[in-house]
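Heads up: the structure comes next, in structure tokens.
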Amino acid sequence: MRIPIQEVTPDLEKATIAGWVHEERDLGGLAFFLIRDRTGIMQVTVPKKKVPEAVLHAIKEVSRESVVRVTGIIKATEKAPGGRELVPESFEILAKAASPLPLDVAEKVPAEIDTRLDARFLDVRRPRIASIFQIRSRVMEATHSFLFNEGFINITTPKVVAAATEGGTELFPIAYFEKEAFLGQSPQLYKQMMMAGGCEKVFEIGPIFRAEEHNTVRHLNEATSIDVEVSFADHEDVMQLLERLMRTVYQAVADDCADQLAHLGVTDPAIPDTTLPRLPYAEAIEIAARKSEDPIAYGDDLGTASERIIGEEMGAHYFITEWPTAIRPYYAMPNERDPSICNAFDLMHPRMELSSGAQRCHIHDQLVEQIRSKGLSPEGFEFYLKPFRYGMPPHAGWGLGAERLVMTMCGLQNIREAVLFPRDRHRVTP
Ligand code: ATP
Ligand code: AMO
């Protein structure tokens, strides 16, 4: 049996390792191979005069990124990574890699994002890139266990749907027998319906599909949304839940992924504070208007440029609260004192929006009115409205973009880096 490279210590006598040929170097009488597996990199040193003929044959044949299994004597040496090297007694090629490679795994030759994504299986062999997905996995694990610890149940809702939730322009229509159907933009309506189902605290982590027209570094056409909905809660309750989640997830990554963060050059994971600043929308607009070159007024959406200006001023995670009712979805609850603003919020990283949420309107007739006032037809929402007639508790929730969370945590420049196989305007394969 092979042992993981990380477990090969200088005091071992003999070991079998298996992995990919990361680098090869032939110095005549001596050849060096760096063998890489998921856990690390180890040097195989071949003194050509001292190894069996079969080993010499194999090392002549082998190419970079081939899969090999090597058995031999372990020697302590300060010249090799990890303070040990393996001198082979056997060197088997399990799968030879063709050359030239579509991508240099050792990262000596830089590659464009498209080249990398076209050969994603090779790209993720790079320890730095693998780190992103190890961190992403830890983020997901920490999110699941945090929500279960908080008493949530995990739900799964349909991704083939009949209605838009976040405005009608960003839907992907699909061929669904003789019916009109779309890919789901958000589990919004379903998670709310489960509040009428008496579930009280639900979460779903799943794909959302948005027909975003533009190619940007922070939009995907298929993203992963971490969604929660909580009964007998208002916006402030779920903002506090989000604060706890952010801290827990950042802490988990800081504790367990120090090597991965180091690979990515993240020296300080900047764990968010327990209580994040609440910046009312009106003040956010003022900050943006003061520093922006374009005219910005109360009632405008906050675009990329505004988000950046405000983010620079805030310097760390913060909430934007007290949004104008007019620019939030129909399901947001208007503020009881001033219905021109609503109990909605966004969680912001200085670089971009991470999450949107709100206390929801749980009163049937008011919700119908709000749907109408957005120019939508309540008839299209019958299945959603029905539960509001039979005992819908007050409730609140949010959706948090998993890729944006990972992207900002890891300091990535392009959201595509946080997805194994991103879907964008031009990409449906691999
Ligand atoms: P030494 O006397 O330390 O074995 P050397 O200077 O006589 O080394 P070679 O053994 O021929 O030279 O090695 C050639 C090159 O490979 C040198 O630059 C040496 O530093 C390097 N080298 C030798 N052994 C190792 C090893 N086990 N791991 C990494 N590099 C090595
Ligand atoms: P919203 O539309 O703001 O809110 O989406 C919530 C979060 O999901 C992420 N996100 C995306 N990430 C990458 N690419 C995209 N195209 C994309 N679209 C959204 C963002 C965003 O902040 N139903 C509400 C949530 C709620 O109120 O519970 C909703 O979907 O990080």
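The values are calculated or read from the model by the stated rules, or taken from the named source; none is laboratory data. Here the structure is a predicted model, which is why all the values come from computation and not from measurement. Don't worry about glycine lacking a Cβ; one is built from the backbone with ideal geometry, like all the others, and counts go over all protein chains shown. We work out accessible area using only protein heavy atoms, side chains counted, and drop any ligands, DNA or RNA first. Shrake-Rupley method; radii C 1.70, N 1.55, O 1.52, S 1.80 Å.
Taking the stretch 167-218, which residues are within 24 Å of the chain's Cα centre (by Cα), within 28 Å of Asp234 (Cβ to Cβ), open to solvent by 40 Å² or more (accessible area, probe 1.4 Å) and in contact (Cβ under 8 Å) with a residue 60 or more places away in the chain?
Correct list: Ile205 only.
So in the stretch 24-40, with the set limited to residues that are open to solvent by 50 Å² or more (accessible area, probe 1.4 Å) and part of a strand (DSSP E or B), which one is farthest from ligand 2 (Cβ to nearest atom)?
Leu30
So how many residues does the stretch 284-326 have that are assigned to a loop (DSSP other than H, G, I, E, B), among the hydroxyl-bearing types (Ser, Thr, Tyr) and farther than 26 Å from Gly375 by Cβ?
Let us first name the residues in the stretch 284-326 that are assigned to a loop (DSSP other than H, G, I, E, B), namely 292-303, 315-317, 322.
Pick out the ones that are also among the hydroxyl-bearing types (Ser, Thr, Tyr) and you get 292, 298.
From the residues that got through so far, the ones that are farther than 26 Å from Gly375 by Cβ too are 292.
Total meeting the criteria: 1.
Which pairs do you get when a residue that is among the polar types (S, T, N, Q), found in the stretch 5-33, comes within reach of a residue that is assigned to a helix (DSSP H, G or I), reach meaning Cβ atoms under 9 angstrom, with the pair 6+ apart or on two chains?
Listed pairs, sorted by first residue: Gln6/Gly82; Thr9/Gly82; Thr9/Gly83.
So that you can scan it fast, the table gives a plain yes or no per residue for (1) away from ligand 1 (no atom under 16 Å from the Cβ); (2) surrounded by fewer than 16 Cβ atoms within 10 Å (Cβ to Cβ); (3) at pLDDT 95 or above:
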{"site": "Lys60", "(1), (2), (3)": "yes, yes, yes"}
{"site": "Ser63", "(1), (2), (3)": "yes, yes, yes"}
{"site": "Thr71", "(1), (2), (3)": "yes, no, yes"}
{"site": "Gly83", "(1), (2), (3)": "no, yes, yes"}
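Could you tell me whether Leu122 is buried (at least 16 other Cβ atoms within 10 Å of the Cβ) and either among the aromatic types (Phe, Trp, Tyr) or in a strand (DSSP E or B) (or both)? Give the steps one after another, and end with the answer.
Working: buried (at least 16 other Cβ atoms within 10 Å of the Cβ): yes; either among the aromatic types (Phe, Trp, Tyr) or in a strand (DSSP E or B) (or both): no.
So Leu122 does not fit the description; no.
So in the stretch 85-111, with the set limited to residues that are in contact with a Gly (Cβ under 7 Å, 6 or more places away or on another chain) and open to solvent by less than 50 Å² (accessible area, probe 1.4 Å), which one is nearest to Gly40 (Cα to Cα)?
If we filter the stretch 85-111 for residues that are in contact with a Gly (Cβ under 7 Å, 6 or more places away or on another chain), which is where we start, we get 86-89.
If we keep only those that are open to solvent by less than 50 Å² (accessible area, probe 1.4 Å) as well, we get 86-88.
Numbers: Leu86: 14, Val87: 18, Pro88: 18 Å.
Going through the qualifying residues, I end up with Leu86.
How many of the residues in the stretch 376-420 are open to solvent by 70 Å² or more (accessible area, probe 1.4 Å) and either part of a strand (DSSP E or B) or over 22 Å from Pro187 (Cα atoms) (or both)? Quick ask: steps written out before the conclusion?
Filtering the stretch 376-420 down to residues open to solvent by 70 Å² or more (accessible area, probe 1.4 Å) leaves 379, 382-383, 386, 389-390, 413, 420.
Filter again for either part of a strand (DSSP E or B) or over 22 Å from Pro187 (Cα atoms) (or both), leaving 413, 420.
So the answer is 2.
Does Lys49 satisfy the condition of being of a type in the set (D, E, K, R), open to solvent by 50 Å² or more (accessible area, probe 1.4 Å) and outside any strand (DSSP E or B)?
On the way: of a type in the set (D, E, K, R): yes; open to solvent by 50 Å² or more (accessible area, probe 1.4 Å): yes; outside any strand (DSSP E or B): yes.
Yes: the conditions hold for Lys49.
Would the stretch 282-296 turn up any residue that is closer than 30 Å to Arg427 by Cβ and among the hydrophobic types (A, V, I, L, M, F, W, C)? Show your work before the answer.
Applying the first criterion (closer than 30 Å to Arg427 by Cβ) to the stretch 282-296 yields none.
No, there is no match, as no residue in the stretch 282-296 is closer than 30 Å to Arg427 by Cβ and among the hydrophobic types (A, V, I, L, M, F, W, C).
Specify the residue that is nearest to ligand 1 (Cβ to nearest atom); the eligible residues are those in the stretch 311-353 that are crowded, with 21+ Cβ neighbours inside 10 Å and under 21 Å from Leu412 (Cβ atoms).
His349
What pairs come out if I take residues in the stretch 393-414 that are within 29 Å of Leu367 (Cβ to Cβ) and not assigned by TED's automatic domain parsing to the domain that holds Val139 and pair them with residues that are within 13 Å of ligand 2 (Cβ to nearest atom) and part of a loop (DSSP other than H, G, I, E, B) whose C-beta lies under 6 Å away, six or more apart or interchain?
none
Looking at the structure I just gave you, is Lys79 part of a loop (DSSP other than H, G, I, E, B), within 16 Å of ligand 1 (Cβ to nearest atom) and either touching a strand residue (DSSP E or B) at 6+ places or on another chain (Cβ under 8 Å) or in contact (Cβ under 8 Å) with a residue 24 or more places away in the chain (or both)? Break it down stepwise before answering.
On the way: part of a loop (DSSP other than H, G, I, E, B): yes; within 16 Å of ligand 1 (Cβ to nearest atom): yes; either touching a strand residue (DSSP E or B) at 6+ places or on another chain (Cβ under 8 Å) or in contact (Cβ under 8 Å) with a residue 24 or more places away in the chain (or both): yes.
So Lys79 fits the description; yes.
With respect to Pro280, is the statement that it is open to solvent by less than 30 Å² (accessible area, probe 1.4 Å), touching a residue at least 24 places away in the same chain (Cβ under 8 Å) and over 28 Å from the mean Cα position of the chain (by Cα) true? Before the answer, list the steps.
Values: open to solvent by less than 30 Å² (accessible area, probe 1.4 Å): yes; touching a residue at least 24 places away in the same chain (Cβ under 8 Å): yes; over 28 Å from the mean Cα position of the chain (by Cα): no.
No: the conditions fail for Pro280.
From the list Asp255, Asp234, Asp227, exactly one residue is closer than 27 Å to Gln413 by Cα, open to solvent by 30 Å² or more (accessible area, probe 1.4 Å) and among the acidic types (Asp, Glu). Which is it?
Values: Asp234 fails: closer than 27 Å to Gln413 by Cα; Asp227 fails: open to solvent by 30 Å² or more (accessible area, probe 1.4 Å).
From the options Asp255, Asp234, Asp227, the qualifying one is Asp255.
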